[in-house]
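Enquirer: My questions all concern the structure below.
The values are calculated or read from the model by the stated rules, or taken from the named source; none is laboratory data. As the structure is a computational prediction, the values presented were derived from the model and not from experiment. Counting neighbours? That spans all protein chains shown, and the Cβs are built from the backbone with ideal geometry, glycine included.
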Amino acid sequence: MQNTENILFTLAMIGYFAAMACSFLFVSVKKDGFAKAGEALQIVSLALHTGALVLRGLAAGRLPMTNQYEFATCFAWALCFVSLVFIRKYRFPVLSVFAMPIIFLIMGYAAMQSRDIKPLMPALQSGWLAFHVSTAIISYGAFGVSAALGAIFLLRGRIRENSFLDQHIPGEAKLDLIAYRSVCLGLLFLTLTILTGAIWAERAWGSYWSWDPKETWSLVTWIVYAVYLHLRLRRGWKGRAAAIFAVAGFVCVIFTYIGVNTLLPGIHSYA
């Protein structure tokens, strides 16, 4: 079963790379056919990716969300899924130009991690695992999309008038609104992540909050996005400032996930 999982994971990674190439060709050659091919490849790759995750879960006898490899591949899956939802909902294929490289890099990071299936440590043997980690994965995926949208917004203002890009990239007001909605989705699920984590921590370690590096940086990330929403709703911050916040916030997300585990090990070192 693990061999089949590895094959599906590899095929999904190849598919994501091909989808990324199609998205680059779409904006370079200016042919809509590449956008359609890229979207189809993204959907097929997501299906293969889903199959790999299902097989991983069956082989492990649990949800595949408990170590660096599993969380990274779930993170990439969520980012792919959320970006597809936004691409199809807003007819916005250019989003894949920015989302697919992030997905591919996260998959590459997952590929470098150990894929060994090990028994769960006592702290992870809880029904809270599914709630806590699933909400984290969805929030990270939404924040990844908001960062891609922020980057598109920042670059759009530097692009000269171009009928092709004007046709396929929403106006600045709509880009700003889509990014705002993505941040709201991410912050909602990050809030649920922190709350479920606190409840789980109290049951596992006897304390709701221990200022573990992962907990601390999750709170820092939450504060960054909360400031984004506060400034937007109370001070009317939109446009370029909001786009910079969206990108900076995702830098915090990546550090919370990869940087903390690498540089600041703690009780969350397993994930």
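Enquirer: Which ones in the stretch 64-93 are assigned to a loop (DSSP other than H, G, I, E, B) and out of contact with any helix residue (DSSP H, G or I) (no Cβ under 7 Å at 6 or more places or on another chain)?
Expert: Result: 67, 91.
Enquirer: Among (1) loosely packed, with under 15 Cβ neighbours inside 10 Å; (2) modelled with pLDDT under 80, where does residue 123 come up short?
Expert: Failing condition for residue 123: (1).
Enquirer: Could you tell me which numbered condition residue 85 fails, if it satisfies all but one of (1) more than 18 Å from the chain's Cα centre (by Cα); (2) free of Cβ contacts under 8 Å to residues at least 60 places away in the same chain?
Expert: (1)
Enquirer: So is residue 218 exposed (fewer than 13 other Cβ atoms within 10 Å of the Cβ) and either within 21 Å of residue 131 (Cα to Cα) or of a type in the set (A, V, I, L, M) (or both) or not?
Expert: No: the conditions fail for residue 218.
Enquirer: For the stretch 230-242, give me each residue that is surrounded by 16 or more Cβ atoms within 10 Å (Cβ to Cβ) and either charged (D, E, K, R) or at pLDDT 90 or above (or both).
Expert: Of everything in the stretch 230-242, those that are surrounded by 16 or more Cβ atoms within 10 Å (Cβ to Cβ) and either charged (D, E, K, R) or at pLDDT 90 or above (or both) turn out to be 232, 238.
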